[in-house]
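What follows is a set of notes on a single structure, which appears directly below.
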Amino acid sequence: MGELVSVNPVDGRQFASFPAFDEVQIEAALQLAQKRFQDWRRRSVTDRAERLGQLAVALRGASERLAQLATREMGKRLSEARAEVEKCASACDYFAARGPDFLVDEMIASDAGRSLVAWQPLGPILLVMPWNFPFWQALRQAVPATLAGNTVLLKHASNVPGCAAALEEMFLEAGFPRGVFANLPVGSDRVAPIIADARVRGVSLTGSESAGRAVAATAGKALKKTVLELGGSDAFVVLADADLDETVTQALRARFQNNGETCIAAKRFIVEAPVADAFVERFWKRIEGLRVGDPMDETTDLGPLAREDLLKDLDDQVRRSIESGARCITGGRRLEREGFFYAPTLLDRVRPGMAAFDEETFGPVAAVIRAADADDAVGLANASRYGLGGSVWTRDRARGEDVARRLECGCAFVNGIVKSDPRLPFGGVKDSGYGRELSALGIREFVNAKTVWVR
């Protein structure tokens, strides 16, 4: 049957294990999800919204325990883990208050006496989720999906089994019937058969590009609806008139929060030539001031990467970029201590064709690309197969919005770092995936937009 293990990235040691489901247990979970869907969909949306309100209460009541668990399993700073739990609770509050409005029948005038679109749930939805935001990534899809009347099966990343189990516990504590949200502790080799099962009606994946292609292929063969939120190599475009002090402060946050392990982290810092030297100088000084250490320590600025294989992959990308001509200003190495720590790194003179430009760097590595002017900056930003998010920094907001509209991405911000917000749709284009999460668009991804026509 096997087991899923929790390894603390601070020291590389295992501290917990969880038995993986066998075929009998997987079948039981699928049966319950289907059975519970028939009951759950008939409950009023008001009742389902009340359960979300209770979920917010449960999350806040367990905030410290959940935050410490996330930090121990994947290494994010404790303060960031606490903020993640609160963000989950806030999303529950938002959808409990506003979500029912998104599901009201939409009346449309036609040749009928009465015609409308009714938003009806599909059935059990499989969530294949990553480890970097172990609570938020799962809940930002599960909350609107369950409010719409679906049931949810969570296949979480194998290195955060404790967080996955805790999420199911929170739903039960909030009064959700068992089976509305169920944790499926299985390995990735079990995902394809679950997607193919006729009882599963949709799949949402947040993860790597390769995982997205595999899930989309399997779901497509079975004609299942999918939403994919994949990797990103977000451009952070600095125009020559930007406030450099504020821009560098936000650049530090945009790249190094969550230990740099964020899909929407700024990864390519595209700076107009007249201010490039000044930007690099200020960014370098701020990066060298980061304190790397135990993420449980409140004074730590940067914790370890989640796994050793991720650290090795990142180091390989940095080395290949330097060999291709990038200049390493600071960092560029694994730190000589136990655990999975990598030095915060700044690469300058990065160009297309280098790993730091072409690939997603998932960790504390910032790549500076110098642009001749704003048009060149837009061209460089769009010269990527990814299209998740991007930001533009300038004193001229109108010009910033014009540049933002030209970026080929799903989320473009002016003078703000890219973030997800329950009030706004979130998702990408190109190899960053398709579909949207959050807001009215997100809740309607896993519903049947049924036309009803009455003479």
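The separation of segment 379-455 from segment 169-187, counted between C-alpha centres, amounts to 30 Å. Between segment 265-324 and segment 36-92, the alpha-carbon centres lie 31 Å apart. The residues Arg65, Arg114, when put in order of fewest to most other Cβ atoms within 10 Å, stand as Arg65, Arg114. How tilted is helix 136-147 with respect to the longest principal axis of the chain? Cα atoms for both, answer in degrees (0 to 90, nearest 10). For helix 136-147, the angle is close to 30 degrees.
Taking the Cα centre of the chain as reference, the dipole from Cβ charges on Lys and Arg (+1) and Asp and Glu (-1) amounts to some 1200 debye. Against the longest alpha carbon principal axis of the chain, how many degrees, from 0 to 90 and to the nearest 10, is the axis of helix 397-406 turned? Long axis of 397-406 versus the principal axis of the chain: about 70 degrees. Which net charge results when you count Lys and Arg as +1 and Asp and Glu as -1 among the other residues whose beta-carbon is under 9 Å from that of Ala265? So the environment of Ala265 carries a net charge of 0. Computed from Cα atoms, the angle from the helix 209-221 axis to the main principal axis of the chain rounds to 30 degrees. For segment 234-421, the fraction of C-alpha pairs farther apart than 31 angstrom is 11 percent.
What is the antiparallel percent of DSSP beta bridges lying wholly in the chain, to the nearest 5?
DSSP beta bridges in the chain are roughly 40 percent antiparallel.
Could you tell me which residue out of Asn259, Ala240, Ser321 lies farthest along the dipole of segment 234-421 toward its positive end? Charges go on the beta carbon: Lys and Arg +1, Asp and Glu -1, centred on the Cα centre. It is Ser321, whose Cα lies furthest towards the positive end. Exposure proxy ranking for Glu173, Glu73, Glu229, based on other Cβ atoms within 10 angstrom of each Cβ and starting from the fewest, stands as Glu173, Glu73, Glu229.
Fewest-first ordering of Glu298, Glu50 by other beta carbons within 10 Å of each residue's beta carbon gives Glu298, Glu50. Between the residues Gln137, Val368, Ala398, the greatest Cα displacement towards the positive end of the dipole of the chain, with unit charges on the Cβ of Lys, Arg, Asp and Glu, is found for Gln137. About its Cα centre, segment 234-421 has a charge dipole of approximately 220 debye under the convention of +1 per Lys or Arg Cβ and -1 per Asp or Glu Cβ, with nothing else charged.
Readers should treat all values here as calculations from the given coordinates under stated rules, not as data from a laboratory. All values derive from a computational prediction rather than experimental measurement. We place every Cβ from the backbone using ideal geometry, glycine too, and count neighbours over all the protein chains shown.
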